[in-house]
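Readers should treat all values here as calculations from the given coordinates under stated rules, not as data from a laboratory. Computed from a predicted structure; not experimentally measured. So basically every Cβ, Gly included, is an ideal-geometry build from the backbone, and we count neighbours across all protein chains shown.
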Amino acid sequence: MKTLEEYIALAAKSHGHMCPGQILGIRMAMLGLRSIGIDDPVVARKRLLTFVEIDRCATDAVSVVTGCRLGKRSLKFLDYGKVAATFVDLETGRAVRVAAREDARAKAKAMFSAMSDASRAQLEAYKVMETDDLFDLRAVRVKLKPEDMPGRPRSRVTCAQCGEGVNDGRELRLGDRILCRSCAGEPYYEVVTSAEEDSGFRIQDSGH
Ligand SMILES: [Zn+2]
Ligand SMILES: [Zn+2]
């Protein structure tokens with residue numbers, strides 16, 4: 001495993017800037033990996049799976065340290081809005097969930113309260129704070145389905161309605177029809193008509 005400073009340099013490069021969230025992400029991943037007995041994530045990359053619970057700064061740093069990536073199916077995103085991640089060793093089955101403590105931010109701010117730049121103060125504090133002050137760590141068990149594992153797709157079918165291919169069992173069966181989730185009634189988009197395009201359609205806020 002690299003040092004905190006080495007990971008900070010790598011994470012800054014990959015994320016585009018350095019920020020408190022990334023320090024949390026780096027330390028969270030270093031702690032998680034050590035706790036499941038993985039000292040070198042590069043060597044262990046094929047047996048490592050990480051679940052992240054937020055799509056913010058910390059997640060990019062977790063990915064840098066673990067080497068787990070969405071495109072390799074070794075990084076799983078769960079939209080729970082929490083600065084937390086679960087690290088799984090697929091070989092041993094050992095897993096831990098590490099969550100940032102709710103009071104870590106206040107502790108960090110108090111630590112370098114003389115600094116005028118609050119974000120900088122938080123960042124510096126996160127570098128040096130005790131692990132126990134930053135995180136809660138729990139041994140956990142994660143149920144993994146074969147169709148969620150890295151490696152070649154387990155299956156591929158074609159949607160009976162749109163004709164697009166669907167990998168890894170993500171299709172739905174309605175009666176005797178095999179449909180993609182969009183066609184089965186779970187679309188996250190609407191197709192824009194050419195009239196709407198002409199009238200200057202833009203991505204809209206859903207307003208909540
Ligand atoms: Zn950031
Ligand atoms: Zn479809």
Checklist entry - Contour minus end-to-end for Y189 and K46, with contour as 0.36 nm per residue of separation and end-to-end as the Cα-Cα distance? => result 48.0 nm
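Chymotrypsin sites (Phe, Trp or Tyr not before Pro), restricted to the range 1-103: which are DSSP loop and have at most 13 other Cβ atoms within 10 Å?
Numbers: sites: Y7, F51, F77, Y80, F87; in loops: Y80.
Of the chymotrypsin sites (Phe, Trp or Tyr not before Pro), the ones in loops of the range 1-103 whose Cβ has at most 13 other Cβ atoms within 10 Å are Y80.
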Checklist outcome for this item: For the chain, the helices passing both cut-offs (Cα extent along own axis of 18 Å or more, Kyte-Doolittle mean at least 0.5, full DSSP H runs) are 20-35
Item to check | Amide H contacts of I178 (H built 1.01 Å from N, under 5 Å, at least 5 apart or other chain) | outcome: A160
Next on the checklist: Please give the Cα centre distance for the range 1-45 versus the range 120-157, rounded to the nearest Å.
Outcome noted: 11
Checklist entry - Does the chain come out rounded, prolate or oblate by the C-alpha gyration tensor, with a ≥ b ≥ c the root eigenvalues, rounded set by a/c under 1.5 and, if not, prolate when a/b is larger than b/c and oblate if not? => result oblate
Item to check | In order through the range 36-44: 3J(HN,Hα) via Karplus (6.51 cos²θ - 1.76 cosθ + 1.60), integer Hz, x for Gly, Pro | outcome: 9, x, 9, 9, 10, x, 5, 5, 8
Item to check | Other-chain or far-sequence residues with amide H under 5 Å of R154's (modelled H) | outcome: D168
Item to check | Given charges at beta-carbon only (K, R positive; D, E negative), |dipole| of the chain in Debye | outcome: 840
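Under the Kirkwood approximation applied to all pairs of distinct alpha-carbon atoms, what is the hydrodynamic radius of the range 29-80 in Å?
Details: mean 1/r = 0.0909 Å⁻¹.
After inverting the pairwise mean of 1/r, the radius is 11.0 Å.
Ratio of alpha-carbon Rg to the 2.2 N^0.38 Å globular estimate for the range 1-111, to two decimals, please.
Numbers: Rg = 13.1 Å, N = 111, 2.2 N^0.38 = 13.2 Å.
Relative to the 2.2 N^0.38 Å estimate, the range 1-111 comes out at 1.00.
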Checklist entry - Mind listing the phi-derived Karplus ³J(HN,Hα) values for the range 184-192, rounded to whole Hz, using 6.51, -1.76 and 1.60 with θ = phi - 60°, and x for any glycine or proline? => result 7, x, 10, x, 9, 9, 10, 6, 7
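Tell me the mean residue ellipticity at 222 nm calculated for the chain from its helices only (DSSP H runs of n ≥ 4, each -39500 (n - 2.57), averaged over every residue, nearest 500).
Working: 7 runs with 66 residues, N = 208.
Dividing the helical sum by the residues of the chain leaves -9000 deg cm²/dmol.
What ranking of C162, C183 emerges when the number of other C-beta atoms within 10 Å of each C-beta is taken as an exposure proxy, fewest first? Present the calculation step by step, with values, prior to reporting the outcome.
Values: C162 12, C183 20.
Exposure proxy ranking, most exposed first: C162, C183.
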Item to check | K13 paired with V140, simple spin-label distance in nm, labels 7 Å along Cα-to-beta-carbon | outcome: 3.1
